[in-house]
Amino acid sequence: MIAPIHPDYADRLAAIRRYDLGTSAHDGAFDGLVSLAAQICHCPIALVSIVHEDDQRFEARCGLDRESTPLNMAICSHAILQDEILEIPDTRLDMRTRDNPLVTDPDDPLLFYAGAQIVTKGGVSLGTLCVLDRRPRRLGDAERASLRILADQVMQRLELHEALRQQEAMRREVDHRVKNSLANVAAMTRMAARKAAPEARGALQAVEQRINVMVELHEDLHRADDPDGPIELSDYLGRVAGHLQHISPPGVEIDAEFDPVALVGRRASALGVLLNEMISNSCKHAFEDGQSGRIVVRGRDLGDGRYLMSCKDDGIGAAAPDGKGGLGRHIMRASATQLDGELRLTPSADGYLAELEFPVSPV
């Protein structure tokens, strides 16, 4: 017989959606628990069964090929109507199950059922961790206690999944606000640069571009599925170079191309900052008095666990003053250190070459 509609019907369906049940979000998460339940209870079949609006779906199963059943076959829909474990020693003798197709199947009848409810902290029953057998029987006290503990473990894992999902949503919101705040600071800096004296304007423009590097990084982090995972840098570095093209001197072309490389956020940030300083340095020092020219930026995977990023201009060959250089060069050296890389700065008669070779590990 089909079970009556649960009194918490709407709350149940809302909770099922909230915990991403019936999707691929929990694939494999409960396999160990159903295997353990089957072993402890000495039953050939164990399931994590969630009772949905029109059917019951198995988030994990052991000993059964089905992924779901309609409600007229869902013994768990009866189990969620009570607080204690539902145990039916002989399903042929219980009015709730005696006409169930799983019970009346002449070739493979399921004659025993025990299900422990999976219940939220708010008291909403989602389904059960259940065990089934092909012969009538009863669980012992230790088996019943174990089944209850394992069902609670299912719920705890669902709560952890929900907590991590909320944490991810909060991270994305914070990341979005940080990105917007940085963009606002960059815009204010740009406005200040327009009104500043010539000697201050260049410094403010440099600050704006460094902020834009961080804005672009936060954009990639905001889009990433895994906030702790690697960032593919070809698009990110391309956007950094694109920003610099917009503020480069008239007649100076930036040609940028990067082999794909994935880095964690901290190293991606260092590489973006370094690229910004390389190109900015050439724009500032290599082209005097409206001279036109070209800056070629390349990122190359050397194929042996190392990556080479280079910036070559065809300017006057003096992209930084003699000696230790200014702030830009200090920033480049600091970024190179953060990447465990070797920074090479080479002036020549036909331009200035800045290179960084650094290790990349598989991620």
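The values are calculated or read from the model by the stated rules, or taken from the named source; none is laboratory data. All values reported here derive from a predicted model rather than from experimental measurement. Cβ sites come from the backbone with ideal geometry, for glycine too, and all protein chains shown count toward neighbours. Keep in mind that these areas ignore ligands, DNA and RNA; they rest on the heavy atoms of the full protein, side chains included. Shrake-Rupley method; radii C 1.70, N 1.55, O 1.52, S 1.80 Å.
Scanning the stretch 232-242 for residues that are closer than 21 Å to LEU353 by Cα and touching a residue at least 24 places away in the same chain (Cβ under 8 Å), which turns out farthest from the chain's Cα centre (by Cα)?
This residue is ALA241.
Within the stretch 23-35, how many residues are crowded, with 16+ Cβ neighbours inside 10 Å and of a type outside the set (Val, Ile, Thr)?
4
Scan the stretch 245-271 for residues that are under 24 Å from GLU342 (Cα atoms) and part of a helix (DSSP H, G or I) and jot them down.
Of all residues in the stretch 245-271, those under 24 Å from GLU342 (Cα atoms) come to 254-271.
Of everything in the stretch 245-271, those that are under 24 Å from GLU342 (Cα atoms) and part of a helix (DSSP H, G or I) turn out to be GLY265, ARG266, ARG267, ALA268, SER269, ALA270, LEU271.
Among GLY323, GLY317, which is the only one that is modelled with pLDDT under 80, assigned to a loop (DSSP other than H, G, I, E, B) and open to solvent by less than 30 Å² (accessible area, probe 1.4 Å)?
Details: GLY323 fails: open to solvent by less than 30 Å² (accessible area, probe 1.4 Å).
Criteria check complete, one pass: GLY317.
Within the stretch 40-60, which residues are open to solvent by 30 Å² or more (accessible area, probe 1.4 Å) and either touching a Pro at 6+ places or on another chain (Cβ under 6 Å) or of a type outside the set (A, V, I, L, M, F, W, C) (or both)?
Residues satisfying the conditions are HIS42, PRO44, GLU53, ASP54, ASP55, ARG57.
Yes or no: ARG98 closer than 21 Å to HIS42 by Cβ, free of Cβ contacts under 8 Å to residues at least 60 places away in the same chain and among the basic types (Lys, Arg)? First the steps, then the outcome.
Values: closer than 21 Å to HIS42 by Cβ: no; free of Cβ contacts under 8 Å to residues at least 60 places away in the same chain: yes; among the basic types (Lys, Arg): yes.
So ARG98 fails the test.
In the stretch 117-144, which residue that is free of Cβ contacts under 8 Å to residues at least 40 places away in the same chain and within 22 Å of ASN100 (Cβ to Cβ) is least open to solvent (accessible area, probe 1.4 Å)?
Residue satisfying both the conditions and the ranking: GLN117.
What number goes with the only condition from (1) closer than 19 Å to LEU353 by Cβ; (2) at pLDDT below 80; (3) part of a loop (DSSP other than H, G, I, E, B) that ASP289 does not pass?
Among (1) closer than 19 Å to LEU353 by Cβ; (2) at pLDDT below 80; (3) part of a loop (DSSP other than H, G, I, E, B), ASP289 violates only (1).
Only one of LEU147, LEU93 is crowded, with 17+ Cβ neighbours inside 10 Å and hydrophobic (A, V, I, L, M, F, W, C). Can you tell me which?
Details: LEU93 fails: crowded, with 17+ Cβ neighbours inside 10 Å.
Only one candidate passes the filter, namely LEU147.
Within the bounds of the stretch 257-274, is there any residue that is charged (D, E, K, R), open to solvent by less than 50 Å² (accessible area, probe 1.4 Å) and either under 19 Å from GLU355 (Cα atoms) or over 23 Å from the mean Cα position of the chain (by Cα) (or both)? Spell out how you get there, then give the answer.
Of all residues in the stretch 257-274, those charged (D, E, K, R) come to 257, 259, 266-267.
Checking which are open to solvent by less than 50 Å² (accessible area, probe 1.4 Å) leaves us with 259, 267.
This time we only want the ones that are either under 19 Å from GLU355 (Cα atoms) or over 23 Å from the mean Cα position of the chain (by Cα) (or both), so: 259, 267.
Within the stretch 257-274 (the criterion being charged (D, E, K, R), open to solvent by less than 50 Å² (accessible area, probe 1.4 Å) and either under 19 Å from GLU355 (Cα atoms) or over 23 Å from the mean Cα position of the chain (by Cα) (or both)), the answer is yes, since at least one residue qualifies.
Considering only residues of the stretch 284-301 that are hydrophobic (A, V, I, L, M, F, W, C) and touching a helix residue (DSSP H, G or I) at 6+ places or on another chain (Cβ under 7 Å), which is surrounded by the most Cβ atoms within 10 Å (Cβ to Cβ)?
ILE295
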